[in-house]
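Heads up: the structure comes next, in structure tokens.
The values are calculated or read from the model by the stated rules, or taken from the named source; none is laboratory data. Here the structure is a predicted model, which means the values were calculated and not measured.
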Amino acid sequence: MQNKRILIIVGAVALILGAAVAFLSPSPSVEQAETAVDQSLKDLRDQVSKLSETVEVLSAQADKKAVVIREKVRAEVVHLSPDGVCIALNDELRSFRGICVDPPGADGHGD
């Protein structure tokens with residue numbers, strides 16, 4: 001019985017001391033927290049701005065490459081006959097499919 005009473009008193013004292021330390025310890029000021037958050041937001045905005053500029057540059061480069069490829073293909077196709085266009089298209093599709101399928105008559109050899 002006596003041990004229980006001592007344990008309860010020690011527990012109460014520890015609880016009171018813990019509360020006192022938590023209450024009396026200096027907490028970070030709101031101004032410091034706001035400054036840290038503001039700095040983090042500024043850094044994030046800068047990063048987003050840089051990334052959007054990078055995306056715009058890469059998009060412009062991709063558009064230029066697409067125009068060059070389109071012009072190259074147009075120059076090649078202009079000189080082909082309708083059957084030649086069909087054969088060239090089948091060759092391109094074959095490279096993507098990885099198989100060889102020629103419809104009858106499209107390869108210039110007939111049925």
(request) With the condition kept exactly as written, say whether any residue in region 21-31 is at pLDDT below 90, among the β-branched types (Val, Ile, Thr), part of a helix (DSSP H, G or I) and under 37 Å from the mean Cα position of the chain (by Cα). (result) yes
(message) Of everything in region 76-94, what is among the small types (Gly, Ala, Ser) and in a helix (DSSP H, G or I)? Give them in sequence order.
(response) GLY84, ALA88
